[in-house]
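J.: I have a structure I would like to understand better, so I am pasting it below and will then ask my questions one at a time.
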Amino acid sequence: MRKPKVAIAGASGFVGTALRKALADRFEVVALSRRAREEDGVEWRACDLFSLLELESALEGCDYAVYLVHSMLPSARLTQASFDDLDLLLADNFARAAARCGVRHVVYLGGLIPDEGVLSAHLASRLEVERTLRAYGAAVTSLRAGLVVGAGGSSLHILTKLVERLPAMLTPRWTRSPTQPIALQDVVRAIDHCLGRTEMAGDFDIGGPDVMSYRDMMGRTAKVLGKRRPMVDVPLFTPGLSSLWVSLITGTPRALVGPLIQSLRHAMVVTDNPLQQWLQPDALGFEDALRQAVAHEAAPKPQLARLSTHRRQARVASTVRSVQRLARPPGVGARWIAEEYIRWLPTMPLPALRCEREGSVVRFCLGPFSKPLLVLRLSEERNAPGRALFYIDGGWLARTDGPRPGRFEFRITPDGKSVIAAIHEFRPALPWFVYEATQALAHLLVMKLFGRHLARHPGEVPAD
């Protein structure tokens with residue numbers, strides 16, 4: 001009998017790297033990545049997680065899946081999107097593809113969700129991803145963890161760099177919040193224990209044996225690193241100022257630091273549950289886990305070694321990704337919204353803009369010119385309930401020489417409250433400095449105005 005096949009989305013990150021090795025005995029491991037590579041005992045499949053078509057191909061034949069994806073850094077030369085909208089889109093793609101390919105169980109590693117107060121954008125996004133992964137029928141086990149202590153982890157990198165580089169530790173008010181970090185090896189054990197057990201579908205908090213404040217965590221980190229670091233209370237240091245300060249000190253992109261800092265005002269402590277009880281007897285304490293991580297930090301690690309190269313790779317790609325979340329009129333579907341966009345756009349006060357339609361092809365033209373600004377082709381074969389997709393086939397403003405076709409889509413969010421308008425893999429024909437100063441800004445304005453138009457619509461037209 002063959003081993004069951006498990007796909008790991010986020011296989012090249014620091015958790016995914018440890019997980020690939022741990023699962024090899026029980027499973028055939030399929031690692032999903034933007035670039036294929038060779039590795040003994042692992043089948044690498046190249047795919048763009050923003051492409052539903054590529055994801056469906058990558059998940060073909062897989063019995064189970066592990067979802068370790070967080071889109072905290074840009075994925076194109078120009079990204080016009082918030083991280084939570086990107087995370088929603090990625091999770092929706094993954095859940096749709098998993099359902100289409102018959103994946104029976106998905107394990108997701110998210111964040112601890114506190115009971116009190118309004119969630120930070122970072123934690124609210126993690127909760128939204130959980131709900132999105134469950135929206136299409138697969139059994140989902142959500143493991144909720146705080147700071148994962150392991151070599152290559154971005155949060156641990158920030159912590160150790162602060163301790164190493166500052167002669168004294170500034171401790172704003174949010175550093176008093178309690179937290180319960182967990183060792184990387186225990187996260188891997190928890191995923192391995194749950195994977196394939198559909199009866200364990202649900203939410204489970206996981207954490208190590210030590211509960212402490214972030215202030216205490218910095219003190220313990222200084223002890224492990226052999227540093228003497230006095231603590232200086234800074235009560236007026238806001239999360240916004242803290243994210244700027246941490247980014248400057250550690251060299252970590254502010255896009256990554258900001259959402260993490262915002263979430264630290266919450267108490268990140270585990271609620272007791274059967275999985276946590278199973279995990280605890282052999283769980284590694286914080287200082288022991290930190291010593292192991294520091295011992296392995298001498299060699300470059302996957303996630304942090306890529307932070308500086310990520311931007312270079314994105315810049316070489318020279319593509320645009322733009323994602324906006326708009327209000328959905330009650331009862332309308334994605335196909336209707338796409339049709340309404342085509343009807344509405346020529347009504348904007350733009351000089352001589354006209355729309356020509358022939359079957360599934362839409363051309364936006366300007367004045368007397370016969371060559372269109374943009375050509376969109378509605379893809380009947382890739383449309384689905386809640387999703388309408390156009391391919392960008394050319395025009396004055398678009399290049400079509402990329403490895404993937406440019407795409408423009410509308411899709412209804414799983415909660416039914418919003419519609420996502422997204423551009424993927426768009427390659428502008430204008431020089432970059434001209435594009436960023438003109439067409440890119442114009443697109444954001446158009447989406448904002450179209451969002452207002454949808455918000456005024458009474459809705460109640462046939463859904464998809």
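The values are calculated or read from the model by the stated rules, or taken from the named source; none is laboratory data. As the structure is a prediction and not an experimental result, all values here were calculated from the model. For neighbour counting, all protein chains shown are included, and Cβ atoms are generated from backbone atoms with ideal geometry for every residue, glycine included. Surface accessibility is based on the protein's heavy atoms, side chains included, excluding ligands, DNA and RNA. Shrake-Rupley method; radii C 1.70, N 1.55, O 1.52, S 1.80 Å.
J.: With Ala91, Ala65, Ala81 as the choices, which residue is touching a strand residue (DSSP E or B) at 6+ places or on another chain (Cβ under 8 Å), within 18 Å of Arg126 (Cα to Cα), open to solvent by 20 Å² or more (accessible area, probe 1.4 Å) and at pLDDT 90 or above?
T.: Answer to the selection: Ala81.
J.: OK, next. Filtering region 388-407 down to residues that are open to solvent by less than 10 Å² (accessible area, probe 1.4 Å) and touching a helix residue (DSSP H, G or I) at 6+ places or on another chain (Cβ under 9 Å), which residue is farthest from Phe369 (Cα to Cα)?
T.: Per the stated criteria, the residue is Ala388.
J.: For region 48-61, which residues satisfy the criterion of being open to solvent by less than 30 Å² (accessible area, probe 1.4 Å) and out of contact with any strand residue (DSSP E or B) (no Cβ under 6 Å at 6 or more places or on another chain)?
T.: Asp48, Ser51, Leu52, Leu55, Glu56, listed by residue number.
J.: Right, here's the next one. For region 417-452, what are the residues that are in a helix (DSSP H, G or I) and charged (D, E, K, R)? First the steps, then the outcome.
T.: First, pick out the residues of region 417-452 that are in a helix (DSSP H, G or I): 432-437, 439-452.
Scanning region 417-452 gives Glu436, Lys448, Arg452.
J.: Is it the case, given these coordinates, that Leu374 is open to solvent by 20 Å² or more (accessible area, probe 1.4 Å) and in contact with a Lys or Arg (Cβ under 9 Å, 6 or more places away or on another chain)?
T.: Answer is yes for this residue.
J.: Here's something else I'd like to know. Working carefully through the options Arg265, Arg325, Arg315, Arg254, find the one that is basic (Lys, Arg) and at pLDDT 95 or above.
T.: Working: Arg265 fails: at pLDDT 95 or above; Arg315 fails: at pLDDT 95 or above; Arg254 fails: at pLDDT 95 or above.
After ruling out the rest, the residue left standing is Arg325.
J.: Checking Ser71 against (1) in a strand (DSSP E or B); (2) open to solvent by less than 40 Å² (accessible area, probe 1.4 Å): exactly one of these is not met. Which one?
T.: (1)
J.: Can you tell me which residue within region 123-137, out of those that are open to solvent by 20 Å² or more (accessible area, probe 1.4 Å) and in contact with a helix residue (DSSP H, G or I) (Cβ under 8 Å, 6 or more places away or on another chain), is farthest from Thr250 (Cα to Cα)? Please lay out each step first, then the result.
T.: Taking region 123-137 as the starting set, the residues that turn out to be open to solvent by 20 Å² or more (accessible area, probe 1.4 Å) are 124, 127-128, 131, 134-137.
Those left that are additionally in contact with a helix residue (DSSP H, G or I) (Cβ under 8 Å, 6 or more places away or on another chain): 124, 128, 134-137.
Numbers: Ala124: 26, Glu128: 29, Arg134: 36, Ala135: 38, Tyr136: 40, Gly137: 42 Å.
The qualifying residue farthest from Thr250 (Cα to Cα) is Gly137.
J.: Select from region 329-345 the residues that are in a helix (DSSP H, G or I), more than 17 Å from Arg452 (Cβ to Cβ) and open to solvent by 30 Å² or more (accessible area, probe 1.4 Å) and list them in ascending order.
T.: Arg335, Trp336, Glu339
J.: Considering only region 100-126, how many residues are within 20 Å of the chain's Cα centre (by Cα) and either more than 24 Å from Asp192 (Cβ to Cβ) or of a type in the set (Ser, Thr, Tyr) (or both)?
T.: Result for region 100-126: 8.
J.: Do we have Phe408 as modelled with pLDDT of 90 or more, assigned to a strand (DSSP E or B) and out of contact with any Lys or Arg (no Cβ under 8 Å at 6 or more places or on another chain) here?
T.: Details: modelled with pLDDT of 90 or more: yes; assigned to a strand (DSSP E or B): yes; out of contact with any Lys or Arg (no Cβ under 8 Å at 6 or more places or on another chain): yes.
Taking the combined requirement at face value, the residue satisfies it.
J.: Still on this structure, I have one more. Looking only at region 346-374, which residues are in contact with a Phe, Trp or Tyr (Cβ under 7 Å, 6 or more places away or on another chain) and not in a strand (DSSP E or B)?
T.: Looking only at region 346-374, we keep the residues that are in contact with a Phe, Trp or Tyr (Cβ under 7 Å, 6 or more places away or on another chain), and these are 353, 355, 371-374.
Hits for region 346-374 are Lys371, Pro372, Leu373.
J.: What about Pro431, is it in contact (Cβ under 8 Å) with a residue 12 or more places away in the chain, open to solvent by 50 Å² or more (accessible area, probe 1.4 Å) and over 21 Å from the mean Cα position of the chain (by Cα)?
T.: Details: in contact (Cβ under 8 Å) with a residue 12 or more places away in the chain: no; open to solvent by 50 Å² or more (accessible area, probe 1.4 Å): yes; over 21 Å from the mean Cα position of the chain (by Cα): yes.
It is false that Pro431 is in contact (Cβ under 8 Å) with a residue 12 or more places away in the chain, open to solvent by 50 Å² or more (accessible area, probe 1.4 Å) and over 21 Å from the mean Cα position of the chain (by Cα).
J.: Let me ask something additional. Checking the conditions here, which among Arg26, Arg45, Arg35 is within 28 Å of Ala183 (Cβ to Cβ), open to solvent by 10 Å² or more (accessible area, probe 1.4 Å), charged (D, E, K, R) and outside any helix (DSSP H, G or I)?
T.: Exactly one residue qualifies, and that residue is Arg26.
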